[in-house]
Ligand code: KG4
Ligand code: ZN
């Protein structure tokens, strides 16, 4: 325990999807222990199987936590606050983390703090990047969510836009499956797209038109299912012509180009409309180098602003972002009762009036 900053030592646990992850974070944001165990058995199914995910979390949660504690050089008894992702996510998977956390916290007589998975993605860059502090515009892009928001301070968010159907990561995963690429699709698409020519196939930019106005409901919203259908049509006609194999890289590049175009354009709209020139990127899709580069070109060169994002280990699902968010909520007195539980559709916390999603539901 020597050398650890005064203040609560937090264990963050993440089991909302297919990563079992735990991290120990000190009060001065040092990540003392950090373990992520990815479940690879979903690959053969081309997507996450909820029941298998929950069972795998149950089998691995103890060992993942033990390794994180060992790395940190602390014991369970040294933990002051237990943070855990309580939603949104797969309910069976979430319940493993939440039940584990409640049982251990209860046994040790310590507080537990339920964390919203996407707010955790919002906090992740701040663990590495001092400038990733509000006010900022955030684009959160993961396998289940696509959110554009204006954070005026931690815990106070105006939701500007969100996807109306598929999430950005989901679109990468589905297009990858269609092209015969492995799961998760994002890294596979990015890899093959690097060898392709995006201009060989024309794909739509859904919900992006020049004449949209800020009070139009789709000004900031996203839609990716139409883009996916457009890829299905292109792939089908190429297949009929026996040309799909040779065109895969070009189709992947065209899809990535269209998805990134929309994500950057909507974020730039938020920068222009709010005058807030700092942009934070979070969630698994934010690992994408093309998205990062194009966001930088738009925000830093175009608007003379700043783009912040985390390294891949903190952009993808991890326990450190959960611990960081739990400490923020704990400092505000938000430890939960032992009656509270997980919720698959937990609403984003701290939304102010005028937000594009319903008001937050408490766990
Ligand atoms: O945040 P995350 O780890 O888990 C969820 O909360 O869903 O995000 C996972 C998503 C997957 O859909 C995956 O395909 C996508 O992030 N992803 C990427 C890349 N790496 C992961 N998408 C595009 N490019 C990447 N390099
Ligand atoms: Zn995530």
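The values are calculated or read from the model by the stated rules, or taken from the named source; none is laboratory data. On a predicted model such as this, the values are computed, not experimentally measured, just so you know. Counting neighbours? That spans all protein chains shown, and the Cβs are built from the backbone with ideal geometry, glycine included.
Brief remarks follow.
- Selection count, the stretch 1-24, where residues are part of a loop (DSSP other than H, G, I, E, B), away from ligand 2 (no atom under 13 Å from the Cβ) and in contact with a strand residue (DSSP E or B) (Cβ under 8 Å, 6 or more places away or on another chain): 3
- Scanning the stretch 132-147 for residues that are closer than 19 Å to residue 288 by Cβ and more than 16 Å from ligand 1 (Cβ to nearest atom) returns 132, 137.
- Residue ranges of helices (runs of 4 or more DSSP H) in the stretch 246-363 with at least 3 members in contact with a strand residue (DSSP E or B) (Cβ under 7 Å, 6 or more places away or on another chain) and either away from ligand 2 (no atom under 16 Å from the Cβ) or not assigned by TED's automatic domain parsing to the domain that holds residue 183 (or both): 289-296, 320-331
- Residue 202 free of Cβ contacts under 8 Å to residues at least 12 places away in the same chain and surrounded by fewer than 15 Cβ atoms within 10 Å (Cβ to Cβ): no
- For the stretch 126-147, a residue qualifies if it is part of a strand (DSSP E or B) and within 16 Å of the chain's Cα centre (by Cα), and the qualifying residues are 137, 138, 139, 140, 141, 146, 147.
- Residue check for residue 171: closer than 26 Å to residue 345 by Cα, in contact (Cβ under 8 Å) with a residue 60 or more places away in the chain, within 16 Å of ligand 2 (Cβ to nearest atom) and in the same structural domain as residue 286 (by TED's automatic domain parsing): yes
- Tally of residues being within 17 Å of residue 317 (Cβ to Cβ) and assigned to a strand (DSSP E or B) across the stretch 25-43: 8
- Here the condition is being surrounded by fewer than 22 Cβ atoms within 10 Å (Cβ to Cβ), touching a strand residue (DSSP E or B) at 6+ places or on another chain (Cβ under 7 Å) and on the phi < 0 side of the Ramachandran plot; of 65, 74, it holds for 74 alone.
- Flag if residue 122 is modelled with pLDDT of 95 or more, part of a helix (DSSP H, G or I) and within 16 Å of ligand 1 (Cβ to nearest atom): yes
- The residues of the stretch 154-168 that are within 16 Å of ligand 2 (Cβ to nearest atom) and surrounded by 23 or more Cβ atoms within 10 Å (Cβ to Cβ), listed by number, are 167, 168.
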